[in-house]
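So the structure is just underneath, and the comments pick up after that.
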């Protein structure tokens, strides 16, 4: 407070010193007065009202803080007003340019945030909706190539990191069943249709998350999943040239291959011995499929047949027991990854223009020996030819190249539905690559090679070197806009954006690759005289893809702002037209010679008997060519208005109508109107309000509808031509969508009740929001009459996909910021608390058999009254103390009738353990600053959810070598073990129904609650005073560490609840430098 008064006093003194020098100019008039308004941190302030005291002349500052006034007289008094800032009066004495600085109103919350909806910017103080803003300091707190990944841990967005979820992010939970669940991403006022990995996070100034209907409804049918508005950095008028540079390198350890519990090699070998003694492998020995037989079993066969001695067999088997493929994977498969990132930003501006230019370069070396390179070039320019006119032109170019290395280790399978055996060796003692059993028995491969077939060995360590998998991407984003001030307070603007992207993929399986050799050998024909004919010629196999996007967006909009007395009205109305076209082509070439870039023709129509099936089964050569084109047309009309009285009361109203070519067969069915309204009351500004410890209090209430769309559907019948039929050898088509003239947009109604507050002289600030969501007309599946003959391509069942579902959800969000210490040593705390839940309220349950609805929570399982991701299992009754058999319930009684349990358990009899996604989650972040040093420590938590751990299945273990569970060693082996384990005894032959019951029983349910140390960052900043004689205004060094581990978890297993089925990401550490010139 003291520094605030000193700054005000100094400004008054400066004005006083100006008086004598300019007293002689008292009669001068100015045709035009220009100026710029900043805050105390020298950041431009937009939407500042500037009017001449006692006159009607007024204007508003632009986004760069600049303003102009005509016909100003000497001694005129200008009044500068902006909510959240102290009014300032300035008397004009001389000059044609003034620089104004506004100070925050100490009676209001410290920093006044301006949020962007993508259509307009609003002072958050006057907004009725629920917004969340992430500033550049939080965005740049983390490192990494992507933008959205930097929101993890600093926002209310939930990131689902479980296997198969591909890091799905949700705002306030999922709002749909089977349609698009991703939030809408808006970049500089327009939806972004390209790959999000194209965006350079160093170009981002701020990110605003629109969460409720009032905030997001302006986006209409794309808003029900929430909206993420990304605003990039801009230049400012009359800004001195500024140059900034950022560089960092991120290093990661190798993934821990011993993290997931696995069956030991010794146990697996002992099991194979047992199975061999019972004749389990006899069918494989005589199979015409030439199924692979493991090295241990081959050794036992050789011993049985007398080709090796018992001692030799025992020696080999002993060696196999000591080998663990995970050791080789850890040593040879992975490398330490290194990611490098460089970013340069240049900005500036004069009286008539402002610009920013940036360049970014990323170079990543993955743990699988792949590379990724990305170049970003961005230019954004604003021109002000007249006081009324602003012209914006921008371009964003991304060029990236991805070269794949090894496949993920999970692709290392033996084939024929068999996983890799746990004692496989990938390299010898001299680190030379070794062949590993794959697809066929060794004796079959040796016989085939003797007949002239190509070598059939598979070398997993080096095979990737025979392939070339490359993806090249070019994305160009061009936008332009014109804003013209028609009248005081009324602006007209036209914006246009063109996005064009091309992704070209080239997957070349070289002539020496296993893929090429295997396919050529499969189709090789053995003639009567023993000679060979190759329908697929020798050489490589090339698969080329070309994916192109062209998106055009046009927006025409009127903006109106009017202040009179204590009233303020801000309104907009507009029209939007958007077209998106995607073209995809996939082509294949056989016999490809990379040196001279030629290929050879093959016969796609003839069916050839396959050598690997002993010529009993025939098939045509795989036809790789594919073409696809999608065109979407969207037309929208929208309007929004916000009325504010005396900075105390706010009312907002939004309305929008979207139309699309996907919906309806009649014109009046193609559109849907959506609306939202809200109100806000700043109680602390009332005259009767006198609560000293709570200086700021505001209440908000909103309700409205947002929409969602599934672009895979259409109201009219659509078909897709697939290729050549294996029967008629002709091109054929399948029905992708049966006719559905009543197809509609999904709609989600949202009620939001919120409050913003400040406590203890603004030491603690925050917000609390409670919301309820009601989704209707949601896309789902419903049975279709089988006589239609239409199979749904997504499920391969007689179903159609349409508006057949509904769901409800609710939640609570708390956001707190505390300035604990404000001296030389500063300590700030940020707490994010989120609660979200949802339940299906309408869905056609096609069966009452519980077996169809047993769920591990990895996919949506719609059951009325249950959440979308639910853990549903069979009830568990423990192990039989005499046999170790698993026990469940049938007709309310303990039972081992597994067929009866699987076939007769009703949906209502299943045990609901709870949701599979956290109902409560958030972060606690503490930041410390002392004399240029800073330390930030971020903890995350996820509570009230469950997961099912991988369990032993003897059927899968015997037949598929599935060792994905470490429970084999914990199995019941003698009476009394049931007191310490739930793992059933081993039985032979394996009972698949017994295994199915146990794997889907509640015995394997674990609580997922945990707290983790998510990341830490440490930095040291030097300002210009410490950099005398150097070209820097500011220089910062920083270290960032992530994936630091779980500090507490509810489960007693060794599993990380975020990664119960996959290897967890390794710890990373980043070193970086930031400089301003």
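All of the numbers you see were taken from the coordinates with simple rules; none came from a lab. As the structure is a computational prediction, the values presented were derived from the model and not from experiment. Counting neighbours? That spans all protein chains shown, and the Cβs are built from the backbone with ideal geometry, glycine included.
For this structure, a couple of remarks:
- Compactness of segment 841-952 as Cα Rg over 2.2 N^0.38 Å, two decimals: 1.59
- Counting only DSSP beta bridges with both residues in the chain, the antiparallel share comes to about 95 percent.
- Fewest-first ranking of 43, 438, using other Cβ atoms within 10 Å as the exposure measure: 43, 438
- Cα gyration tensor, the chain - rounded (a/c under 1.5), prolate or oblate: prolate
- Where only DSSP H runs of four or more residues are counted, the chain gives -3000 deg cm²/dmol as its mean residue ellipticity at 222 nm, each run worth -39500 (n - 2.57).
- Tensor-based shape of segment 955-1077 (alpha-carbon gyration tensor, a/c under 1.5 rounded, otherwise prolate or oblate): prolate
- With Cα atoms, 0 to 90° folded angle of helix 310-322 axis to the chain main axis: 10
- Between segment 991-1051 and segment 594-624, the alpha-carbon centres lie 49 Å apart.
- Three-way shape label, segment 471-577, alpha-carbon gyration tensor, a/c 1.5: prolate
- In percent, rounded to a whole number, the relative contact order of the chain is 9, using alpha-carbon pairs under 8 Å and six or more apart.
- The order of 293, 403, going from fewest to most other C-beta atoms within 10 Å of their C-beta, is 403, 293.
- Note: relative contact order over segment 336-493, using C-alpha pairs below 8 Å and six or more positions apart, is 21 percent.
- Annotation for residue 1032 and residue 1011: the two label points, set 7 Å from Cα along the Cα-Cβ direction, are 3.7 nm apart.
- Residue 609 paired with residue 344, simple spin-label distance in nm, labels 7 Å along Cα-to-beta-carbon: 6.7
- P(r), alpha carbons of segment 792-878 - 10 Å bins starting at zero, rounded %: 13, 29, 23, 14, 11, 8, 3
- Acute angle (nearest 10 degrees) that the helix 514-523 long axis makes with the longest principal axis of the chain, alpha-carbon atoms: 50
- Between segment 211-279 and segment 472-535, the alpha-carbon center distance in angstrom: 23
- Projected-area mean, segment 356-468, by convex hull of Cα positions, square nanometres: 12.8
- Ranked by how many other Cβ atoms sit within 10 Å of their own Cβ, fewest first, the residues 876, 827, 693, 333 fall in the order 693, 827, 876, 333.
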